[in-house]
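Step one of this worksheet: look at the structure below.
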Amino acid sequence: MAGAVPRLSDDPALCAARDALTARPLTALFDDDATRAQRYQCAGAGIDLHYAKQRVDDDAIAALVAFAARCGLHDRIRGLFHGETVNSTEGRAALHMALRATPGEVWLAQGERVDEAILTTRDRFLQFAEEVRAGRIRAADGGAFTEVVNIGIGGSDFGPRMVCAALAPMTDGPRVQFIANVDAAEREQVLAGLDPARTLVIVTSKTFRTQETMANAHSVRRWLAEALGETAVSQHFAAVSTAIEAAAEFGIADDRVFGFWDWVGGRYSLWSAVGLPIALALGRAAFEQLLAGAHAMDDHFRCAPAEHNVPVMMGLLAVWNRNLLGAQSLVVAPYAQRLQRFIGWLQQLEMESNGKGVRLDGAPVPEATTAALWGDVGTNAQHAFFQMLHQGPDTHPVDFILPIRADHDDHEQQRLLIANCLAQSAALMHGRSVAQVRSALEAQGMTPETADRAAVHRHLPGNRPSSTILLERLDAWHLGALLACYEHRTFVQSVLWGINAFDQWGVELGKRLAGNVDRALRGEQAAGLDAETDLLIQRVLNSAG
Ligand code: F6P
């Protein structure tokens, strides 16, 4: 029960395990247990989690697993997969796993069968994608579509944009580009050099009323109609939405509107018709591989015991670092250039899901919830913020993500990439003591006094935790498994904090106030704004002359 969720930071077994570890640095844990690296790993659906460099021992893990059991994690996972109303503030299920279903499976959302509708809709949008790719669905002038522009934001952008980038070498369809920002600079950049006659536009919005998306959609519609005439619009536009009527009102033909369901959260939606840009770029087979990898991870998550369950262990380590060790943030460092956009997707997934301060029962969460999540690809990140990770006063745990095999032939540089990834986690753990630095400097000929002064600046404290997540390669199947793994990790944390991972009420106020400010900027009355916001509005108006 939600009301019975205990506090991690008060749990006697967790606190005792944390206190016992205080005097035992990571290096000592390795020294004391020759089997540590072997034992502190688990694998599922092609994703290997190595967590021996996390500051845990057997007691900590046992206490975390016991805590999860007391929170009813097993039943909560079952409830999630059974389509129960896990999103209680919106009265909905959260059944994104059903979008990865294979024919013959039965899926219920709040007691209603949904599997047939899922398969029918999936078939419809994948068929549409194939027809466009084959040039059978044509532009108004009878030619093929060679360009696709997806207009959407948040969950209607991050997922498809990230997957298209991650699997770019497998692209064999039209070029797919994305417009999200209400800053028209992005739209201008995408449309510059685009031939409207060859361009298919997809408007992706769960609600079909998101300000940024609708502003961009109307602008792009004008751009297209001015070039090709109003009659061309219906042939050049498609929509993905749960608001079928609003899409029709926009002028999109029924057979070009692909629906999904209110039990699919925006940030969990890339597996639905929101993935249409992926299918257009990569084709049906690749999209199905993506789903299959995610489905394999779903099975692993549902069935594997906690200690062998990758998303469960990742969730447990996350709350350990956050609530017992006091980490303020999690750094995610994929050693794969093609995963650069993974971090943006993950930020929305984690922080829109778990950035909450109220429990399911309405009581305040009595401790910290999500850590701030940030990062960049290795090795670039090593030349940016890794200095802080190694020597800054705060500890920021790191998830290193490493696809082992590359899809290019430059084996030497792939080896260098891997070397850097593995070296960084080792460096974070080992650090370098003042004595080690001093003797190295003296060996280079420095006087003891100078070496002393230099060593304090050059020493690295070490004992900084990280996990290494390996996948064989960055193909559609493994990517699907990796994404589903982080989705489930997010859910695990929410269960341990007793919060609803599937609503996002915090984003509403800003949206409403933006409307108010916009009215003021247009010279209309806008009540209820504070003195500084009023002043800033005046400053902007004066600048605009
Ligand atoms: O950022 C808030 C949010 O509601 C997200 O949850 C969602 O992914 C995004 O806006 C876009 O919403 P829509 O798909 O309805 O345009």
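The values are calculated or read from the model by the stated rules, or taken from the named source; none is laboratory data. Treat the numbers as computed from the prediction; the structure is a model and nothing was measured. Ideal geometry is used to build each Cβ from the backbone, glycine not excepted, and the neighbour counts take in all protein chains shown. With ligands, DNA and RNA removed, areas are computed over all heavy atoms of the protein, side chains included. Shrake-Rupley method; radii C 1.70, N 1.55, O 1.52, S 1.80 Å.
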Yes or no: the stretch 41-51 includes at least one residue that is open to solvent by less than 10 Å² (accessible area, probe 1.4 Å), within 23 Å of Ala427 (Cα to Cα) and in contact with a Lys or Arg (Cβ under 9 Å, 6 or more places away or on another chain).
no
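Here is a yes/no grid of residues against (1) modelled with pLDDT under 95; (2) open to solvent by 20 Å² or more (accessible area, probe 1.4 Å); (3) under 16 Å from the mean Cα position of the chain (by Cα):
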{"residue": "His295", "(1), (2), (3)": "no, yes, no"}
{"residue": "His300", "(1), (2), (3)": "no, yes, no"}
{"residue": "Ala333", "(1), (2), (3)": "no, no, yes"}
{"residue": "Met351", "(1), (2), (3)": "no, yes, yes"}
Among the residues of the stretch 373-389, the number that are open to solvent by less than 50 Å² (accessible area, probe 1.4 Å) and either out of contact with any Lys or Arg (no Cβ under 9 Å at 6 or more places or on another chain) or more than 28 Å from Glu472 (Cα to Cα) (or both) is 9
Please enumerate the residues belonging to the stretch 227-259 that are open to solvent by 30 Å² or more (accessible area, probe 1.4 Å) and hydroxyl-bearing (Ser, Thr, Tyr).
Thr231, Ser234, Thr242
Filtered residues of the stretch 139-153 (kept if closer than 18 Å to Phe258 by Cα and either within 23 Å of the chain's Cα centre (by Cα) or open to solvent by 10 Å² or more (accessible area, probe 1.4 Å) (or both)):
Val149, Asn150, Ile151, Gly152, Ile153
Quick one: count up the residues across the stretch 1-15 that are at pLDDT 55 or above and either exposed (fewer than 14 other Cβ atoms within 10 Å of the Cβ) or not polar (S, T, N, Q) (or both).
10
Taking only the stretch 136-150 into account, find how many residues are under 18 Å from Leu194 (Cβ atoms) and either out of contact with any Phe, Trp or Tyr (no Cβ under 8 Å at 6 or more places or on another chain) or of a type in the set (Val, Ile, Thr) (or both).
9
Can you pull out every residue in the stretch 218-237 that is assigned to a helix (DSSP H, G or I) and either among the aromatic types (Phe, Trp, Tyr) or in contact with an Asp or Glu (Cβ under 9 Å, 6 or more places away or on another chain) (or both)?
Trp223, Ala227, Leu228, Ala232
A careful count of residues in the stretch 325-375 that are assigned to a helix (DSSP H, G or I), touching a residue at least 24 places away in the same chain (Cβ under 8 Å) and closer than 24 Å to Glu90 by Cα gives 9
Away from the ligand (no atom under 16 Å from the Cβ), of a type in the set (A, V, I, L, M, F, W, C), open to solvent by 60 Å² or more (accessible area, probe 1.4 Å) and within 21 Å of Leu224 (Cβ to Cβ): does that describe Ala192?
yes
Out of Arg161, Arg133, Arg100, sole residue that is of a type in the set (D, E, K, R), within 16 Å of the ligand (Cβ to nearest atom) and touching a Gly at 6+ places or on another chain (Cβ under 9 Å)
Arg161
Every listed condition ((1) away from the ligand (no atom under 12 Å from the Cβ); (2) out of contact with any Gly (no Cβ under 9 Å at 6 or more places or on another chain); (3) part of a helix (DSSP H, G or I); (4) farther than 30 Å from Ala484 by Cα) holds for Ala215 save (1)
Give me the pairs: first residue in the stretch 507-530 and among the basic types (Lys, Arg), second residue open to solvent by 80 Å² or more (accessible area, probe 1.4 Å), beta-carbon distance under 8 Å, and six or more apart or on different chains, which are they?
Lys511/Gln211; Arg519/Gln525
Is it the case, given these coordinates, that Ala144 is in a helix (DSSP H, G or I), away from the ligand (no atom under 16 Å from the Cβ) and not aromatic (Phe, Trp, Tyr)?
no
Residue satisfying condition, being open to solvent by 60 Å² or more (accessible area, probe 1.4 Å) and either in the same structural domain as Arg284 (by TED's automatic domain parsing) or closer than 30 Å to Arg284 by Cα (or both), within set His82, His96
His82
Any residue at all in the stretch 479-501 that is open to solvent by less than 40 Å² (accessible area, probe 1.4 Å), over 30 Å from Leu389 (Cβ atoms) and either charged (D, E, K, R) or within 16 Å of the ligand (Cβ to nearest atom) (or both)?
yes
Can you find a residue in the stretch 437-444 that is touching a Leu at 6+ places or on another chain (Cβ under 6 Å) and buried (at least 18 other Cβ atoms within 10 Å of the Cβ)?
no
Failed condition for Arg122, given (1) open to solvent by less than 10 Å² (accessible area, probe 1.4 Å); (2) more than 16 Å from the ligand (Cβ to nearest atom)
(1)
Unique match (being within 11 Å of the ligand (Cβ to nearest atom) and touching a Gly at 6+ places or on another chain (Cβ under 8 Å)) among Arg198, Arg221, Arg267
Arg267
